[in-house]
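Derivation of every value follows stated rules applied to the coordinates shown; laboratory data play no part. What you see is a predicted model, and the numbers here were worked out from it, not measured in a lab. No Cβ is skipped: glycine too gets one built from the backbone with ideal geometry, and neighbour counts run over all protein chains shown.
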Amino acid sequence: MPNAFRALLLAAFLMPSSLLAQTSTLAATPPMGWNSWNLFAGRVTDKDVRDAADAMVSSGMKDAGYVYINIDDTWQGDRDAQGNIQANSKFPDMKALADYVHSKGLKIGIYSSPGPTTCARYEGSYQHEAQDAKTYAAWGIDYLKYDLCGFRKIMTQEAPNDPAKATQMMKDAYEKMHQALLATGRPIVYSFCQYGWDAVWEWGPGLGANLWRTTGDINPTWDRMTLIGFSQAGLAKYAGPGHWNDPDMLEVGNGKLTLDENRTHMSLWVLLAAPLLAGNDLSKMPPETAAILTNKEVIAIDQDPLGKQGDRLSAVGPVEIWVKPLKGGDKAVAFFNRDDTPLPVTLKLSDVGFGGGAKARDIWAAKDLGKLQGSYTATVPRHGVVLLRLTK
């Protein structure tokens, strides 16, 4: 075991139990916030991040529960003579930026890679994990997205024909940064971005992950969003308070997604207890986009303190029914229609544990449906959703 890694492990072992308890409560519910990549990609600047923080407050996003302002790739500059990471000219003072975001009552996130470079070929954290973690803590960073990109070349070079060794190398790289973050003494949410390889949901929590990507990248199209979202069936047992499956950032308000498609996107992500990281222009949201992202009844499903991820109940042709258990015995039920024409969808209440009937509320319609008995049928628009909350 390398000496630096041994030192990090020892530091974690000697850490006060109060700090370990504090870090274990990070992300008790799925993180909510905004990430720069979907809107700005490599063009993001200090001003863009400040503007996003301002807009998160003025738009009502903060009041709805969104907390994190996350800087994605391309903020990194060179290292100084001591090996400390510097921000590039787009970010003249990262500590001042973090202070500004904090002054708004928000938190700030940053991005790196276990490799020598990031996806965009900027400086990664390879062999500088402890230094980088200390720098992030000194800046006041609250969240780290750690993207495998730049480490894949090392895995290929050192284990070209040994998948088991490559997987272990990846795990060791993520654990090394985990220990480095712990050693700083600052609670920092740790997000694994390695695209769901090697069933990360089975081992991610043991390496300190608060969330882990389960898929490749999303984009603002119906086909890609639904391919990712509906493929999450079967992963519910791996999610819970402090550790969440992450099907990637929200594209609500981006591209050419329709109102019904955006509602489907948001509904599916909240049923999945997914992190809600918006990626749109918060300063120019049309009212219908803001209404989706800030709907407190919808968000309450995602943020439910029971911490249970929903799963597919049934799928017949283009129609799917998903169910998510909620605290107190309530259940969220979504009728999804993936077809190009409206279709009727019927739920037998006994199939979701309400054989004696249930009170129901149609959340997107903001309408109480009264007490239901036996079954309930709704006509769901093309590419649309009906989202219910059922109460005994």
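Brief remarks follow.
- The distance from the alpha carbon centre of the stretch 301-361 to that of the stretch 152-189 is 38 Å, rounded to a whole number.
- For the stretch 265-366, the relative contact order comes to 22 percent (Cα pairs under 8 Å, sequence separation of at least 6).
- Compared with the dominant Cα axis of the chain, that is its longest principal axis, helix 259-271 is turned about 70°.
- FRET efficiency estimate (nearest 0.05) - Cβ-Cβ, Gln82 to Asn161, R0 41 angstrom: 0.60
- With the simple spin-label model, which puts each label point 7 Å out from Cα in the Cβ direction, the Thr221 to Trp197 separation comes to 2.4 nm.
- Kirkwood-type radius of the chain, with distances r between different C-alpha atoms, in Å: 21.8 Å
- Aspartates and glutamates with Cα under 15 Å of Lys348, excluding same-chain neighbours fewer than 8 positions away: Glu320
- The charge dipole of the stretch 311-391, taken about its Cα centre with unit charges on the Cβ of Lys, Arg, Asp and Glu (plus for the first two, minus for the last two), comes to roughly 280 debye.
- Bridge type composition, the chain - antiparallel percent by DSSP, nearest 5: 60 percent
- Entries in Lys104/Lys296; Lys327/Lys367; Lys95/Lys165; Lys145/Lys308; Lys107/Lys308 that, when Cα-Cα distance is taken, lie over 27 Å: Lys95/Lys165
- Net length available on complete extension from Ala315 to Ser103 is 71.6 nm, with 0.36 nm assigned per residue and the Cα-Cα distance removed.
- Stretching the chain fully between Ala233 and Leu369 yields a gain of 46.1 nm (0.36 nm per residue, less the alpha carbon separation).
- Rg/Rg_ref, the stretch 122-230, where Rg_ref = 2.2 N^0.38 Å and atoms are Cα: 1.14
- Net +/- balance of residues flanking Thr214 in space, Cβ distance below 9 Å, scoring K and R +1, D and E -1: -1
- Selection among Thr117, Leu259, Cys193 by position relative to the dipole of the chain gives Leu259 as farthest towards the positive end (Cβ unit charges, Cα centre).
- Quick note on the stretch 167-289: its Rg to Rh ratio, both from C-alpha atoms and Rh being the Kirkwood radius, is 1.02.
- Spacing of the modelled spin labels on Thr379 and Thr25, each 7 Å from Cα toward Cβ, amounts to 5.0 nm.
- Cα pair count fraction exceeding 16 Å, expressed as % - the stretch 27-71: 37 percent
- When both the stretch 37-101 and the stretch 249-277 are represented by their alpha-carbon centers, they are found 23 Å apart.
- Count Lys and Arg as plus one, Asp and Glu as minus one, and take only other residues whose Cβ is under 12 Å from that of Ile69; the net charge is then -2.
- Dividing the Cα radius of gyration of the stretch 311-391 by 2.2 N^0.38 Å, with N the residue count, gives 1.02.
- Per the Debye formula on identical point scatterers at the alpha carbon atoms of the stretch 224-278, with no solvent, log10 I(q)/I(0) at q = 0.13, 0.16, 0.30 Å⁻¹ is -0.30, -0.45, -1.35.
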